[in-house]
1. In terms of Cα to Cα distance under 28 Å, which lysines are near enough to LYS8, apart from those fewer than 8 places away along the same chain?
2. What do you reckon, how do ASP65, ASP104, ASP154 stack up by accessible area (1.4 Å probe), largest on top?
3. Provide, as a two-decimal number, the C-alpha radius of gyration of the chain over 2.2 N^0.38 Å, N being how many residues it has.
4. To the nearest 0.05, what FRET efficiency results for ALA60 and LEU131 with a Förster distance of 41 Å applied to their C-beta separation?
5. Can you compute the label reach from ALA183? Point 7 Å from Cα along the Cβ direction, backbone N cut-off under 19 Å, restricted to the range 25-61.
6. When the expected Rg is taken as 2.2 N^0.38 Å, what fraction or multiple of it is the alpha-carbon Rg of the range 156-242?
7. Arranged from highest to lowest average of other beta-carbon atoms within 10 Å per residue, in what order do the peptides 171-183, 85-97 appear?
8. Taking the alpha-carbon centroid of each part, what is the distance from the range 140-219 to the range 11-66 in angstrom?
Amino acid sequence: MPEPVGAKRIAMWSGPRNLSTAMMRSWENRADTEVIDEPLYAWYLQKTGLDHPGADEVIAAGPVDLDDAIEACVSAPFDRAHTVSYQKHMAGHLLPGVDRGWLDELTNGLLLRDPRLVLASYTKVREQVTLLDIGLPQQLELAEKAVVVIDSADFLADPAAYSRLICERVGVPFAEAMLEWPAGTRPTDGVWAKHWYGSVERSTTFGPAPSGPPPEVPAHLRALSDQAMEIYRELRRYCTVI
C-alpha cells in the first residue's frame, strides 16, 4: 500500500527524565498522528548490556536488529489513516559509530532539560550514569540537523505557544487536541512504561514549569554535572525562545 500523501516523520530527540513522554501523549492525541515509543531501545540494550529496569523484557519485545528499527522509523506511519509519524527517541540510543545517514529522512527536533534535573531524577533509577547515557553529546551532534530545539522549562511556561511553534517548524498544522489528553496507559507505550511512566499516566495535560533552584548534585556526580552543563549551555544557543 502506498504511503500517505505528504507523510511527515518527526523524530524528537530527548534525554531521559524529560518531557518526552508527555510530548508523545500530546502528539498521539492528534487525529492525524501515529506515535512510536523509543524504537531503538531494545537494540541499544542488547548492544550495550546495560542494566536498565526490565531490560530483558524490553529486549524480548524488540526489535533488536538496528536495521529493522531504522526501517520502522523511515517507513512510518504504518496505519495509512495517519499522515504524521511522531517518534519519541532517546538521544543516548545513538551510540558512537552508528551511521547517522538515515536521520536525513526524518524531520528532527531536540528537547532539552537542565542536566542537573535530569541527573537528580535519573539516578533514582540508575545510580551509574555517563554523558552518553543522558544523550548530551549526541544532542549536540544533532543540533545542526534539528529544525527546532526546545528547552522543556521554556515549553512548560507556555505549552500552547511552543506547541504551535513546533508544529510550524516541522511543517504540520497545530491542533488544539495537543494540549490535553485522557489519563491512562496506551497500547503504543513501550513495555518499559511500568518502570518510568507513572506520573504521565496520571496526567491529562502538561505540568507546571519548574520553580526554585535545581537540586544539589551528589558529590560523586559533580564532575559529570559540570561537563553536562557545559554542553547544555552550548545547546541552549540553538533554542527558540518565545
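1. Here the lysines satisfying the reach criterion relative to LYS8 are LYS88, LYS145.
2. Ranked list, largest accessible area first: ASP104, ASP65, ASP154.
3. Ratio of Cα Rg to 2.2 N^0.38 Å: 0.96.
4. E(calc), rounded to 0.05, equals 0.90.
5. 25-26, 29
6. Relative to the rule-of-thumb radius for its length, the range 156-242 sits at 1.41.
7. 85-97, 171-183
8. With the range 140-219 and the range 11-66 each reduced to a Cα centre, they are spaced 14 Å.
The values are calculated or read from the model by the stated rules, or taken from the named source; none is laboratory data. This structure is a prediction, so every number in the text was calculated from the model and none was measured. Glycine gets a Cβ as well: all are built from the backbone with ideal geometry, and neighbour counts include every protein chain shown. When the accessible area is computed, the model is the full protein with side chains, heavy atoms only, and any ligands, DNA or RNA have been set aside. Shrake-Rupley method; radii C 1.70, N 1.55, O 1.52, S 1.80 Å.
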